[in-house]
Structure formats: C-alpha cells, structure tokens
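Following: one structure in structure tokens, then a few remarks.
The values are calculated or read from the model by the stated rules, or taken from the named source; none is laboratory data. Just so it is clear, the structure is predicted and the values come from calculations on it, not from any experiment. Neighbour counts run over all protein chains shown; Cβ positions are idealised from the backbone, glycine included. Accessible surface is based on the protein model in full, side chains and every heavy atom, while ligands, DNA and RNA are left aside. Shrake-Rupley method; radii C 1.70, N 1.55, O 1.52, S 1.80 Å.
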Amino acid sequence: MTKGKVYFVGAGPGDEGLITVKGQKAIEKADVILYDRLLNPKLLEAAAFDCELIYCGKTPYTTGISQGEINELLVSKALEGHRVVRLKGGDPAVFGRVGEEAESLKDEGIPFEVIPGVTSSIAASMYAGVPVTHRDYGRSFAMVTGHDQTRKDIDWNGLVSIDTVAFYMGVANLPSIRENLINHGKPGNTPALVIQWGTYGRQESVEGTLDDIVERVSGRSLGNPAITLVGDIISLRGKLQWFERKPLYGQRFLVARTGTAKSALAEALYELGGEVIEFPKWNAAKVKIEESQLLAFLSYDRILFTSPESVHGFLDSLTEQAIDFRRISSKLYVLSRKSKKALQQRGLTAELKSGKPEAGTLLVVGDRNRDLRDPAHGDGDYIQSIAKFVDERFLEIFPRMLDGKAVGTVLFSNRHSVDMLMQYGNKANVDVEALLKQASIGVIGESTGNRLQDYGFTSDMMPKEPSVEQLVDLIVNRNVF
C-alpha cells in the first residue's frame, strides 16, 4: 500500500480567523485529523464528512493520551495510506513537540510537511493591546515555557536582559517566575500581564507589576491556558487596546443551528467581539430526482422552499438534468430571508411565505424526509431535494466546546432550532435545561418563542421585527447579561 503523508498544522491560538490559508486547505483535504485540546473546535467543521477526527488533548495534572501513543497513531494512519493532519494549537514548532512527532515519522520513512501557525504569545499579547516589540520599549523578545517549577535550566541572568519575555502556561508557577526574575535583577516595578484564553471572546487579562502580579492573578482566579508577559512594553496597553473594547467582548453565546450555511447571527456576534459556539453541526447529501419528476414540478402554481439547502438541492438537480431555470413559471416562496437570498444568488426572486396566496397548486420543497415534514408548510405535494442531517462526530466535541466560562446567552432563529438543540444537546450528554436556566435566551420571532415555551422556558429578548440585525441590536444595547 502507498504510504500517506502527515501535515503538522498550526491552528493558531483560538480565534478561528487566525488559521492560515494553507492550514485551512490541509484540514479540508484530510482523511484523518489528530487534534489538541487548546485549538478552537470550530476549525474542525471544515473537515470532510468522512474524515476521522481523533482527540489527542492533554489536560494539566491528568493522565490522557501519551505522547508515545500519539506518535504511534501518526505512523499507523499514514502507513494505511491516509492523508493525516496533526492539528496543534498555536504554532507546532513553539512548544508543540513537532520535533518529536516528526522524528517518529522520519524513522518510518513517512513524508511530512509543517505548516506554521500564529503562535499564542504574539497573538494573545496583541489582542490584549501589547505588541511584543517596539523601537522605544522592546527591541528583544523571548519565549519561555513556564511549566516546570524550578526551571534550573533557564538562563535567568540572560532573561532579565531581554526587553519583553513571554512565559507559556506559567500561571501555576507564577510565584517562582517572579522570584527568579527579581532575584536575578529584574526590577519589581517592571510591568507584567497575564492573558487567559487569548484571542477568544472569553479572553481575560490581569495587569500589574512583578511585585503584585501574583496577588492580582490569584484574586481573579485565572489559570491556564495563559500567557504571562513581562516588560516595559506593556505600558502601551492603555493606548493600543482594541479587542477588549469591542461591544460584546467577554460574552459567550450559544447559537442553535438548523442548517449547513454560515450563520449570519453567529458571524455578527463574532465580529462584535463575542465568543460564539454553534451547535448542532449539519451536513447535506444529494437526493436523486429524475428528469420527468423535475419537469412535472415546474407545472405547479406555487413552490415553497423550506430552507437554503432545499433551494440549492432543487436548482442543482435542474442543472444536472440540463433543465433551463427559465422554464420555472411557478411563483416562488420561502420561509426565511436566507432562502430568499439563496434564490437571488441563482438569479430567481421569491416572496416570504406570509405573502403566499391560498389558491393554486402547491409544491413544498424541503430538506427532510417526507415523514418529518412540517404540516405548517401547507397541504401541497412534497419533495425532498436534499438530505440534511446532524454531524454526530460533533456530539463528542460539543461538551468540550462548553468548557471554561459559562454560556451567557442562548439564541434561537426558528422553531426547529429549539427542537434540535434540545434533542442533540441531550444526546451529547449536555444538560441543556440547566444551561438554559442560567442563561439569557433570545429568539428571532414569536413562533420560536412559543416553541420555547413548550419546553418550559421563556425568552428574554425578541425583536419587534424578526431579523438578525434587530436581535443583534437588542443584544448590544440592552443590559441582558
């Protein structure tokens, strides 16, 4: 069998937008992905549906998968002929053990490639408002592991002469780091900054000096993952803060998904500085429709599309059968603005269902099995143009996405999103009811709010007009947190 190849990919420090283009392409083409605890799980959504996802996370002070086992997995999967991605938080060559893992491949004659990523110290520092170099404050920069307590092998005399020093994962050893720096000549009034979960919406920063940083961090109960920055350059933070000044900084959202397309609501919250978890993850597969069926469907007076996926599935089938879109004489209707936009992108216009007349023959084009169709869509004939289903690989990942800071707000865009979060959240062993009890709840429309009430919950936010823009305005402008 032909040997596969392994790609060591730096996932960046947390903000999913910091993945490199080359790294993203490697994820998309992978047969197998071995991924770490500290990377953003949203990056895994780019993987193909048949890609095997293997969690290799290591939690501090616990026994998880060993480094030897990871090396063996990389070798065995590659020897099976797979294209393997080893997805690591930050940059794989900065305290990422890429050297050890690559050596195990070299010993077996397995080809590999390293795709660098944005390293945590540089990204987290800048997201906290501190560049690691500056011609007036910092012309030298060092990165040091902060894991070990004594760190006798560290050249502390050399470090105190460096303008800016970043310690990785050193919160537990912060007292020892402070003591060593001061004992070797670093002034106690040197600025210090600890950044937890850097570049995520839950990022938290504690600023002080070497003299008081331990007490300040203890008072805020910060822990790893964190970067500790030491140097005069931190004095620029007051001028250069940008991320922590975004309107939704520090807020964590859960958006209940019902489709494969990117969520406009999630993207708007992310751009405003919020950390957004989306669940469930959906995939779609083609449904075969014969030419004779398609031609018959074009004779209906009205066609109602239930989702953007149903639009694309139907129109793709027409294209595959070489049927000209201009043969559609039916009046087209949709349930959402997303579906309306999907039709517009294909050169067709539609109206919302609320404007649909009752007279005339009706074809409902959906993405669910006929047995699961919603009777509220109408009494017309029904065709499934695409099969949409939940990606159950993410049932294991979802609980880990919820680790750390509690979700402050849960958002639902339609009735179906309520059912799906309840069903698949519980299937993922997440207590959705408890999560909703501690969070604020937002819905886009009255129908969604009514469905929420069926489960015993009441929404805290609902815009006057059912739109993403108005819901986001409510979140930004109202004190709901």
> Simple spin-label model, 7 Å along Cα-to-Cβ: K29 to D136 in nm?
Replying inline: 4.7 nm
> Over what distance in Å are the Cα centres of the range 399-433 and the range 5-44 separated?
Replying inline: 24 Å
> In the range 130-232, what trypsin sites (Lys or Arg not before Pro) fall in a loop by DSSP, with at most 13 other Cβ atoms inside 10 Å?
Replying inline: R135, R139, K152
> What is the helix-to-structure angle for 174-183, meaning the angle in degrees between its Cα long axis and the longest Cα principal axis of the chain, kept from 0 to 90 and rounded to the nearest 10?
Replying inline: 30 degrees
> To the nearest 0.05, what FRET efficiency results for L295 and L352 with a Förster distance of 25 Å applied to their C-beta separation?
Replying inline: 0.40
>> For V364, what residues show an amide H to amide H distance below 5 Å, using hydrogens built from the backbone and excluding near sequence neighbours?
In response: L304, D381, Y382, I383
>> At 0.36 nm per residue, and after removing the present C-alpha to C-alpha distance, how many nm does the segment from E100 to Q438 gain when stretched out fully?
In response: 117.3 nm
>> Rounding to the nearest 10 and keeping the result within 0 to 90°, find how far the Cα-based axis of helix 468-477 lies from the longest principal axis of the chain.
In response: 40 degrees
> How large is the accessible surface per residue of the chain, computed with a 1.4 Å probe and reported in Å² as a whole number?
Replying inline: 46 Å²
> If we count GluC sites (Glu not before Pro) as exposed when they sit in a DSSP loop and have at most 14 other beta carbons within 10 Å, what is the longest stretch of the chain that avoids them all?
Replying inline: 109-289
> Restricting attention to the range 285-345, which trypsin sites (Lys or Arg not before Pro) occupy a DSSP loop and are surrounded by at most 11 other Cβ atoms within 10 Å?
Replying inline: K288
> Ordering T361, T145, T349 from largest to smallest accessible area (1.4 angstrom probe), what's the sequence?
Replying inline: T349, T361, T145
> What accessible surface, in Å², does a 1.4 Å probe find on M169, ignoring ligands, DNA and RNA and rounding to the nearest 10?
Replying inline: 40 Å²
>> Report the gain in length on full extension from D211 to D316: 0.36 nm times residue separation, minus Cα-Cα distance, nm rounded to one decimal.
In response: 31.3 nm
> Can you give the FRET efficiency for D460 and K286, using 1/(1 + (r/R0)^6), R0 = 45 Å, r = Cβ-Cβ distance, to the nearest 0.05?
Replying inline: 0.65
> Given a cut-off of under 8 Å on Cα pairs at least six residues apart, what relative contact order in percent is computed for the chain?
Replying inline: 11 percent
> Once the dipole of the chain is set up with Lys and Arg at +1 and Asp and Glu at -1 on Cβ about the Cα centre, which of F167, V365, V230 lies farthest towards its positive end?
Replying inline: V365
>> Taking the full set of protein chains and a 1.4 angstrom probe, give the accessible area of H184 in square angstrom, rounded to the nearest 10.
In response: 70 Å²
> Once phi is turned into θ = phi - 60°, what whole-Hz ³J(HN,Hα) does the Karplus curve with 6.51, -1.76 and 1.60 give for every residue of the range 213-230, x standing for Gly and Pro?
Replying inline: 5, 4, 5, 5, 5, 4, x, 9, 6, 6, x, 6, x, 8, 10, 9, 10, 10
> Add -39500 (n - 2.57) for each DSSP H run of 4 or more in the chain, then divide by its residues: what number comes out at 222 nm, to the nearest 500 deg cm²/dmol?
Replying inline: -8500 deg cm²/dmol
> Within the set K22/K42; K281/K405; K281/K437, which residue pairs have Cα atoms separated by over 19 Å?
Replying inline: K281/K405; K281/K437
> So which of K25/K106; K5/K427; K246/K356; K88/K341 end up more than 30 Å apart, counting from Cα to Cα?
Replying inline: K5/K427; K246/K356; K88/K341
> What's the angle, to the nearest 10 degrees (0 to 90), between helix 98-107's Cα axis and the longest principal axis of the chain?
Replying inline: 80 degrees
>> Taking a virtual spin label 7 Å from the Cα of N183 along the C-beta vector, which residues in the range 196-232 bring their backbone nitrogen under 13 Å of it?
In response: none
> Are there chymotrypsin sites (Phe, Trp or Tyr not before Pro) in the range 285-327 that DSSP puts in a loop and that have at most 16 other Cβ atoms within 10 Å, and which ones?
Replying inline: none
